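> Before we start, here is the structure in question, set down as structure tokens.
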């Protein structure tokens, strides 16, 4: 396992802190980890150190299936410089409602799809891309990878 | 929990409001110099000196910086709230109502910064103040910050089948109002065809759906109702203030379009206020992004959910190319964030005060007595204030 210093270096600029470090460690293994309460079972994102439903501190980052439904969808015609991102084709960015819990959402880009096919209500599955030397979660259209 | 408890009602007043005016270009000035100009202007208009100020409230430059810059000898209260500006109103009004101080100088200097306009990067003094390059990794895959409003615009259009023209009404209305406002940055006419032809920036929002980065400042004097009565301007009384926020307030976790800060703000204001939309003469819904305005109009109760565009069309004055609700009530009469300039709500507040003081020039609504300002967006910055003339 890499050290905390190595984790912070690998994800420089991502805002890694004590409460989301486990999530970013999961990315290195291509696992999407979301905080879940060990007492009442409620999921939460972004990662916070206490369960908002029961105030338990027994909250740990757990894997999710990565399947869900697009809830918000934007296409960036311009944006911040990022390795491998070419805004000449508008960059899709979707917020996906994960199947694990109503209202539990994760935001990422979509790969392997025409922008015309990316729409609110579409089913997606988790996939991964590499950017700046680290894995970045992304979604593909369709329910299964 | 929302209660009708409101002991501050009518105990605190705006004694004055002033502006430097706004330009959508890099002035060769600092943010502090803009703040200083607005602060000095409002104090002089109120007939006050530095010695009369015992409270200071603003974001940037900080309250201590402004105190020393203006030679204000002693204050007993100050604060540096986050934007938008009803945060400042809530802090200052509370401080005056509770007696922590008596007379607050509140200010807001809008300033073009490298992160919101590429051309601001060309000014080495602005570049130097940016604190180094922004962290870019991860930003592109997030809907935090301004992208969040674009994301929820996609949801709104999806749920209600809204045509882009409905957003366009907000932009054209602002521009037509700005044409009557010498302080506004953008005063050239804008047509619906111009709007629809504009460059897309983040689909579904285009260039004219987004506020304009400007240089300029507003300042306010907030004091007790008793003190304000002795000052030269007509006092504008604070009726109610609310800063509404929902438990799910991260941009992508907000429950849905019916459960964010706007509904809570409106419910709180209606519970605390002596009046609401049926009795207001001027209305200021925030418009940092056009989609925010459509939602405020609906959540304030002017029309049903998804109906704001039709409402604007129904109350559209074709000759003036702007909205006059029931032929009478303008919306963002100063030109709003989209045309006066991106002031994070200070322009909306200043214009509301000026309308109630009868100082709104060519834009004056005759006999305006009551104003509603609903500032900010959805997540952690939906807020409002109701004001009326003494």
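> Suppose we filter B:178, B:171, B:183, B:198 for residues that are closer than 26 Å to residue A:81 by Cα and in contact with a helix residue (DSSP H, G or I) (Cβ under 7 Å, 6 or more places away or on another chain); which single one remains?
B:198
> Could you tell me which numbered condition residue B:362 fails, if it satisfies all but one of (1) over 23 Å from residue B:222 (Cβ atoms); (2) in contact (Cβ under 8 Å) with a residue 40 or more places away in the chain; (3) out of contact with any helix residue (DSSP H, G or I) (no Cβ under 7 Å at 6 or more places or on another chain); (4) not in a helix (DSSP H, G or I)?
Going through the list (1) over 23 Å from residue B:222 (Cβ atoms); (2) in contact (Cβ under 8 Å) with a residue 40 or more places away in the chain; (3) out of contact with any helix residue (DSSP H, G or I) (no Cβ under 7 Å at 6 or more places or on another chain); (4) not in a helix (DSSP H, G or I), residue B:362 breaks only (4).
> Something else: What number goes with the only condition from (1) within 15 Å of the chain's Cα centre (by Cα); (2) at pLDDT below 95 that residue A:62 does not pass?
Condition (2) is where residue A:62 drops out.
> Taking into account only those residues within the range A:81-117 that are closer than 19 Å to residue B:206 by Cβ and more than 17 Å from the chain's Cα centre (by Cα), which is nearest to the other protein chains (Cβ to nearest Cβ)? Spell out how you get there, then give the answer.
Step one: list which residues in the range A:81-117 are closer than 19 Å to residue B:206 by Cβ, which gives A:87-93, A:115-116.
Now drop any that are not more than 17 Å from the chain's Cα centre (by Cα), which leaves A:87-90, A:115-116.
On the way: A:87: 10, A:88: 13, A:89: 12, A:90: 6, A:115: 9, A:116: 12 Å.
Ranking the qualifying residues of the range A:81-117, first place goes to A:90.
> Let me ask another. Testing residue A:67 on (1) within 14 Å of another protein chain (Cβ to nearest Cβ); (2) under 30 Å from residue A:89 (Cα atoms); (3) surrounded by 16 or more Cβ atoms within 10 Å (Cβ to Cβ), one condition comes back false. Which one is that?
Answer for residue A:67: the failing condition is (1).
> Moving to a separate point now. Is one or more of the residues making up the range B:43-57 modelled with pLDDT of 95 or more and within 20 Å of the chain's Cα centre (by Cα)?
Scanning the range B:43-57 turns up at least one residue that is modelled with pLDDT of 95 or more and within 20 Å of the chain's Cα centre (by Cα).
> Find the helices (runs of 4 or more DSSP H) located wholly in the range B:70-171 whose residues include 2 or more that are closer than 24 Å to residue B:35 by Cα and within 14 Å of another protein chain (Cβ to nearest Cβ), and list them.
Those helices (runs of 4 or more DSSP H) do not exist here; none qualify.
> Among the candidates B:231, B:196, B:237, single out the residue that is more than 13 Å from every other protein chain (Cβ to nearest Cβ) and within 30 Å of residue A:107 (Cα to Cα).
Details: B:231 fails: within 30 Å of residue A:107 (Cα to Cα); B:237 fails: within 30 Å of residue A:107 (Cα to Cα).
Matching residue, one of B:231, B:196, B:237: B:196.
> Which residues, counting only those in the range B:48-82, are over 26 Å from residue B:126 (Cα atoms) and touching a residue at least 40 places away in the same chain (Cβ under 8 Å)?
Within the range B:48-82, B:48, B:52, B:53, B:54, B:55 qualify.
The values are calculated or read from the model by the stated rules, or taken from the named source; none is laboratory data. Keep in mind that what you see is a predicted model, and the values were worked out from it rather than measured. Cβ: placed from backbone, ideal geometry, glycine included. Neighbour counts: every protein chain shown.
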